[in-house]
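Enquirer: Take a look at the following structure, please.
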Amino acid sequence: MGDSDAAGALTRRRRATLAAGRSASLLPMNGRSAAVCQDSVTAEVSRDDGQGKRDRSLETVRSKSKSEKKKCRNDISDRLSCHKTQQSLLSSASGYSNYRGVLNWCVVMLVLSNARLFLENLLRYGILVDPIQVISLFLNDPYSWPAACLVIVSNVFILVALYTERQLSKGSFTELVGFLVHCTNMAVMLTFPAAVVLLVPSVTPVGGVFVLGTYTILFLKLYSYKDVNMWCRELSTVKAKKLARSLSCPSGQTLNGGDRQVCYPGNLTIRDMYYFVFAPTLCYELNFPRSPNIRMSFLLRRLFEMLFFTQLLVALTQQWMIPIIQSSMKPLEDMDLSRMTERLLRLAVPNHLMWLMFFYWFFHSSLNFTAELLRFGDRQFYKDWWNSESVTYFWQNWNIPVHKWCLRHFYKPLLRRGFSKKVSQSAVFFLSAFFHEYLVSVPLRMFRLWAFMGMMAQLPLAWFVGHFLRGNYGNAAVWISIIIG
C-alpha cells in the first residue's frame, strides 16, 4: 500500500510541476525570466524521473527477495517430504502406455533366439539350400506340365460364363436356363481340376495347390460376376436386345483417370472380363476405381520384394522346414505323444515365420504389383489384423478380398432370406472350412478332415475369446491360435 501511495504522490507532483511550467510560459515575461523558469521546471522533472527509477529498482529487489524466500521454503518442504500418492507404472491404474523399450527388448530376444536356432541347424545339417534343385523341378520335362495345362484350360470356364451372360442380356436365355448353365459351369470348375490332381501322378503337391488355388479364385470371381450382372438386369427398366451401351449411361461420362464409365450390358466384353480375372479382387463391379497412372518406382520396389521373398521362402523351406518334417515322421508313426508335441512345437516357429513372410509377399507385394500394373485403385487388401482382440476381428481383417466376397455374396443374402446372424456366420465358416480342406487334402491326396475341423473349431474359439478375454489377453489368444493352430 505504501509503494502505491508513493507512486501516486510522485505522479501528482510531476503533473503539478508540468502545469506550473505551462502556466509560467503563458505569463508575460522577458526572455531571461522565461529561460530561468523553464530550467527550473526541467530540473524538477529530472528529479522526479530519478525518483521513479529508484522506486522501480526497489520494487525489483523486493520481488527477487520474495522469490528467493519462496524457493527456500519449497526447498525446505522438499527436504521434509518426498512422497505423494501415485501408482506403479506396470499397474493398470497408472495409465502408463509407453512400452517401446519392452517392445525393442522382445525384438532383440526374438532375433537372438532364432539366430541360435539357425546356427544349430547349420551345425547339425550343413547348408541345404540348393536353388538349382528348385529350378530343375520346373525345367525337367517342360512339355509335360499338367498344372500349367490345367491353368490354360480354365479359360474355357471363363468364356462359358461370359457367353451365358451375353445370352441373358439379349433375352436368348431365360433366368432359369442361365442359372443352370452357371451352376453346371462352376460345379465342373471345382470337380474337374480336383479329379486331374488325384488321378494324374505327375501332378506334385505344389502344382496341385497352385492349380486348385487358381480355380478356387476363378470360382469366387465368376460367382460374383453372375450375381452382379443379375442385379443389373433386375435394376434395368428396359432389357437390351443387342450388345451395346445402355441409353441411361451418357457416352461422354468419365471416371477418375479419364476412363469411360460402362453401363450394363456394355460391360459384357472379353476385355472387361479378363480385366476382372486379373484384377486383385474377388468382387465384380462394372466400373472399378482406377489410379491415374502407373508409378514405375513403386512397381519395381514391389517386384524386388516378390523376388526376394520368393527366394527366402524357398531357402527356409529347404534349410529349416524339411529337416524338421523328416525327423518328425518316426514319432508320428509310433504315436509318441511327448515327442510329437516337441516336434510340432519346433515346427510351429519356422512355419509361423514363413506364414508371415507369405502374407507380406502375397497381400502386400504381389497384390500391389498387380494393382499398380492394372491401375486398380482399391488397395485395401488387409487391415490391422495383428491388433486383433478377438478371433472374429482377425478373420474379418486379415484377408479383405475374401471377407468382402463372403459379406456381399454369402452373408448378406442369407440375412435377406431370413436367417439369423449366428446361422449366417456359421455358414460362412463352413464354406471357408470346405475350401481349406479342398486346398489341402486334394493336393496331398489324403483326406483326414484336419483342415476342415481346424476351421470349424474357430467358432467355439471365437465365442470363448469374445466372452472371457479382453484387450491384450484376447490379442495373445489370437496370436497363439495362429502360431500353434
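The values are calculated or read from the model by the stated rules, or taken from the named source; none is laboratory data. Everything numeric in this text was worked out from a predicted model, so none of it was measured. Here the Cβ positions follow ideal geometry from the backbone for every residue, glycine too, while neighbour counts run over all protein chains shown. The area values use the complete protein model at the heavy-atom level, side chains included, leaving out ligands, DNA and RNA. Shrake-Rupley method; radii C 1.70, N 1.55, O 1.52, S 1.80 Å.
Enquirer: How far is the Cα center of the range 422-485 from the Cα center of the range 280-312, in Å?
Expert: 29
Enquirer: Okay, moving on. I want to make sure I understand the PRE zone here: with the label point 7 angstrom from the Cα of Leu103 toward its beta carbon, which residues in the range 309-353 have backbone N atoms less than 17 Å away?
Expert: none
Enquirer: Work out the length of the dipole vector of the range 355-465 about its Cα centre, built from +1 on the beta-carbon of each Lys and Arg and -1 on the beta-carbon of each Asp and Glu, and round it to the nearest 20 debye.
Expert: Values: 12 positive and 5 negative charges, 97 e Å.
The dipole of the range 355-465 has a size of about 460 debye.
Enquirer: Just list whichever of Lys226/Lys422; Lys226/Lys383; Lys221/Lys412; Lys221/Lys422 have alpha carbons separated by over 24 Å in the model shown.
Expert: Values: Lys226/Lys422 27 Å; Lys226/Lys383 28 Å; Lys221/Lys412 17 Å; Lys221/Lys422 26 Å.
Cα-Cα > 24 Å for Lys226/Lys422; Lys226/Lys383; Lys221/Lys422; rest within.
Enquirer: On the full set of protein chains, 1.4 Å probe, figure out the accessible area of Lys421 and give it in Å² to the nearest 10.
Expert: For Lys421, solvent-accessible area is about 130 Å².
Enquirer: Now, a different point. Run the simple label-point estimate for Gln133 and Ser236 please: 7 Å along Cα→C-beta, distance reported in nm.
Expert: Each label point is offset 7 Å from its Cα along the Cβ direction, giving 5.7 nm.
Enquirer: Using the beta-carbon distance between Ser202 and Leu431 and R0 = 35 Å, what value does 1/(1 + (r/R0)^6) give for FRET efficiency, to the nearest 0.05?
Expert: Numbers: r = 31 Å, r/R0 = 0.88.
Result of the calculation: an efficiency of 0.70.
Enquirer: Restricting to DSSP loop positions (anything but H, G, I, E, B) with no more than 15 other Cβ atoms inside 10 Å of their own Cβ, which trypsin sites (Lys or Arg not before Pro) remain in the range 285-366? Each step should come with its number before you reach the end.
Expert: Numbers: sites: Arg290, Arg295, Arg301, Arg302, Arg339, Arg343, Arg346; in loops: Arg295.
Of the trypsin sites (Lys or Arg not before Pro), the ones in loops of the range 285-366 whose Cβ has at most 15 other Cβ atoms within 10 Å are Arg295.
Enquirer: Can I ask one more? Calculate the FRET efficiency for Ser94 and Asn387 from the Cβ-Cβ distance with a Förster distance of 22 Å, rounded to the nearest 0.05.
Expert: Details: r = 22 Å, r/R0 = 0.99.
Plugging the Cβ-Cβ distance into 1/(1 + (r/R0)^6) gives 0.50.
Enquirer: Another one. FRET efficiency for Cys183 and Leu313, Cβ-Cβ distance as r, R0 = 45 Å, nearest 0.05? Display every interim value, and only then the final one.
Expert: Values: r = 37 Å, r/R0 = 0.83.
For Cys183 and Leu313, the calculated efficiency is 0.75.
Enquirer: Bin width 5 Å, alpha-carbon pairs only: give the P(r) of the range 368-424 as whole percents, running from 0 to the bin holding the largest distance.
Expert: Over the range 368-424, the share of Cα pairs per 5 Å bin runs 4, 18, 18, 19, 18, 13, 7, 4, 0 percent.
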